[in-house]
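The values are calculated or read from the model by the stated rules, or taken from the named source; none is laboratory data. Since the model is a prediction, treat every value here as computed from it, not as a measurement. Glycine also receives a Cβ, built like all others from the backbone with ideal geometry; neighbour counts cover every protein chain displayed. Calculation scope for accessible area: heavy atoms of the full protein, side chains included, ligands and nucleic acids excluded. Shrake-Rupley method; radii C 1.70, N 1.55, O 1.52, S 1.80 Å.
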Amino acid sequence: MNSSRQKEKQRRKKSLRNWIVATIILSIVYVWLQQRGDMGELLQDETIPEPLPITGLHPVVAESEGVLVRMAARRGIQVVITHGYRSVEEQDALFAQGRSSSGAIVTNARGGESYHNYGLAIDFALRTPGGEIVWDMERDDNGNGKADWMEVVDLAKELGFTWGGDWANFPDYPHLQMDFDLSIRELKRGKRPPAAP
């Protein structure tokens with residue numbers, strides 16, 4: 001009986017000693033990698049190069065925007081792009097609207113949390129035959145029995161845009177985006193879509 005207790009005690013000591021040694025080795029390796037600057041790469045799925053500053057719409061989004069406007073015009077619908085790329089500062093000012101500044105709340109996205117900030121989103125409105133800019137989702141100015149707004153949405157979806165009106169939380173009816181399967185979190189970390197598909 002004494003012999004089995006003694007063996008169990010020795011086994012536990014050996015196990016504790018091995019755990020301490022492993023912890024020390026891992027700590028040394030961790031510190032060494034941090035000093036070399038490799039720790040971030042080790043913890044990420046892939047190496048992400050330093051992104052270039054974003055100053056406008058992504059080329060694919062910009063091209064698709066032009067195609068959308070032309071396709072709608074062929075159907076007798078005048079689309080007006082009201083927003084495209086938006087800086088972080090502009091986004092913060094828009095977020096403040098209805099909160100710390102006057103106006104109605106129009107977004108729940110702070111600067112850096114909108115696809116507009118990465119050049120991947122546009123907002124649109126319609127121009128009436130009289131020249132008025134409207135956000136009327138019921139108008140049928142081309143007289144084909146379907147709301148012009150939804151015709152534009154359908155065209156946009158054909159081009160690869162997703163529509164903010166489909167969002168369950170805080171629908172954004174004028175909003176169209178191409179996220180290239182990238183989340184806001186990935187974009188904030190510096191990941192970017194390719195320049196061409």
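Electrostatic tally near MET178: other residues with Cβ closer than 12 Å to its Cβ, Lys and Arg +1, Asp and Glu -1, net -3. The simple Förster model, with R0 at 25 Å and r as the Cβ-Cβ distance, assigns ALA93 and ARG127 a FRET efficiency of 0.45. Averaged per residue, the chain has 65 square angstrom of accessible surface, using a 1.4 angstrom probe with ligands and nucleic acids left out.
Label-to-label distance for VAL134 and SER15 is 7.7 nm, based on points extended 7 Å past Cα in the beta-carbon direction.
On a 0 to 90 degree scale, rounded to 10, what angle separates helix 148-158 from the longest Cα axis of the chain? Helix 148-158 sits at roughly 40 degrees to that axis.
The loop-placed trypsin sites (Lys or Arg not before Pro) in segment 89-139, going by DSSP, that have at most 11 neighbouring Cβ atoms within 10 Å of their Cβ come out as ARG99.
Full extension of the chain between SER183 and GLN34 yields a length gain of 50.9 nm, computed as 0.36 nm times the residue separation minus the alpha carbon distance. Gain on full extension, evaluated as 0.36 nm per residue between TYR173 and SER3 minus their Cα-Cα distance, stands at 53.5 nm. For segment 138-196, the spread of Cα positions along the three principal axes, ordered from largest to smallest, is 46, 29, 12 Å. Across the chain, the longest piece that holds none of the GluC sites (Glu not before Pro) lying in DSSP loops with up to 10 other C-beta atoms within 10 Å covers 47-131.
The charge dipole of the chain, taken about its Cα centre with unit charges on the Cβ atoms of Lys, Arg (+1), Asp and Glu (-1) only, comes to about 2240 debye. Charge tally for THR128 (other residues, Cβ to Cβ under 14 Å; Lys, Arg +1; Asp, Glu -1): -4. The accessible surface of segment 74-197, taken with every protein chain in place and a 1.4 Å probe, is 49 percent carbon and sulfur. Consider all pairwise Cα distances in the chain and report the whole-number % of them above 22 Å. Across the chain, Cα pairs with separations above 22 Å total 62 percent.
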